[in-house]
Amino acid sequence: MPANLTDAKIRNMSTPEKPKKLFDGDGLFLQLTPAGGRWWRFRYWFQKKEKLLSFGTYPAVSLKEAREKRDEARDLLAKGIDPGVDRKETKAKEAAERFTFTVAAERWFEHHAAGTVPRTQTKNRMYLAAINDIFKRKSIDDTALASLDRKTFVDVVQVIEKEKSSHFAFRAATVLKNVCVYAYNEGRLAAVHTYDLGKVLNPHETKHRPALIDPVAVGSLLRKIQHYSGEGSSVSYCLRILPYIALRSEEIRGARWSELDLDAALWTVPATRHEHGGGMKMRIEHTVPLSRQVVSLFRELKEKQVALLGDCELCFPSPRAKSRQITSESLMCALKVIHGQSDISVHGFRTSFSTLAREKGFNPDHVEKQLAHQLKDRVEATYNKAEYLEQRRKMMQEWADYIDGLRAQVGHLVEPAANK
């Protein structure tokens, strides 16, 4: 079919009331729509099937460019290649080449960030920054992720280990694996080469937080805490209450009076407390039964707090601003002063409870629930929703009486000097 179209003819063509086709030749035509659209189309047959291919719109694609695209498509047909399929494959290849680790990492981070707190996000950013730095130095930051082999990833984590530490490299390797797994699940990768990268790193020793598990040592520390009066009432009362309930530092430091029902002797720690997270580590609401001793301590604290600060949302506000909770550093520093040594941690109270409670014969399931530990077996966790509230209420009262007894047993020791 001879060429019929010219630029002048197209420009002067009025908008039709119905869709209209202007044929140029060899399958190329311009489709006009009542909405004003002017679309280049190429009609062809492949394996006895009629097909259409779009070349864009006029005037963004000129008549000359449309004819060139048509001729390229006809050349592919002459070679037995479907131009429509060839275009899809070309686009997929180009997209894969643009899908670098950096792009994949951003997609994973945005997806993962929705379920993590800012502290975790900051750590992930730190590991990603270290990985990206190695990629840039190796000049592979613009390389398609699908083109990278396992040896490349091994080299990256080993360089990080050499420049930072084994522990940091292990964490970075985990992030590297998670990014690639997410890309695989999105259909961007045909295979994942980042599993078990930690096995190529030097073993690193896990340092456990120090904790007291000797009953006499625990009693001695509790007695010192009872006589501690430094750092204000928030730190003092927080340290006095913590051994009774064995919550994590962040969980107890962020306590709100609205979470406590002292008449019912229950504390419901929410999954999250604010937009930045807070609340429980595993983001699952946790009910804590309170012993008589804890209820009494909270009532004392409330009375002192009202007298000094008036109404306050937080149970343990900072002495510098009642709108902010005490910090983990202030709690840790006070505990080291009380203990007189540095081999102590706030988290150690959880270990003390876990160890001594089992030695006292308390039910391990009740102990684990009180610690808000999640079952590692997901199937078992799905079916085991038991709260053991009444059993834990009895257990925590017995635990409170037990550690009071430990403190009393060391009463013959010299009273600690007054805190300065």
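The values are calculated or read from the model by the stated rules, or taken from the named source; none is laboratory data. Note that the structure is a prediction, hence the values are computed from the model and not measured. A quick note on method: Cβ atoms are made from the backbone with ideal geometry, for glycine too, and the neighbour counts reach across all protein chains shown.
Side notes on the structure shown:
- Residue that is modelled with the lowest pLDDT [pool: residues in the stretch 375-386 that are surrounded by 11 or more Cβ atoms within 10 Å (Cβ to Cβ) and part of a loop (DSSP other than H, G, I, E, B)]: Asn384
- Unmet criterion (only one of (1) surrounded by 14 or more Cβ atoms within 10 Å (Cβ to Cβ); (2) closer than 16 Å to Cys180 by Cβ) for His111: (1)
- Qualifying residue in the stretch 212-224 (condition: modelled with pLDDT of 90 or more, touching a Lys or Arg at 6+ places or on another chain (Cβ under 6 Å), buried (at least 19 other Cβ atoms within 10 Å of the Cβ) and over 30 Å from Asp404 (Cα atoms)): no
- Odd one out for Phe362 among (1) modelled with pLDDT of 90 or more; (2) not in a loop (DSSP other than H, G, I, E, B): (2)
- Odd one out for Arg188, checked against (1) under 26 Å from Glu89 (Cβ atoms); (2) in a helix (DSSP H, G or I): (2)
- For the stretch 212-252, a tally of residues being over 30 Å from the mean Cα position of the chain (by Cα), among the charged types (D, E, K, R) and not in a loop (DSSP other than H, G, I, E, B) returns 3.
- Residue within the stretch 24-39 that is under 17 Å from Ile81 (Cβ atoms), without any contact (Cβ under 8 Å) to a residue 40 or more places away in the chain, out of contact with any Lys or Arg (no Cβ under 6 Å at 6 or more places or on another chain) and part of a loop (DSSP other than H, G, I, E, B) present: no
- Qualifying residues in the stretch 135-172 (those that are more than 25 Å from the chain's Cα centre (by Cα), surrounded by 14 or more Cβ atoms within 10 Å (Cβ to Cβ) and among the charged types (D, E, K, R)) - the one farthest from Thr194 (Cα to Cα): Asp155
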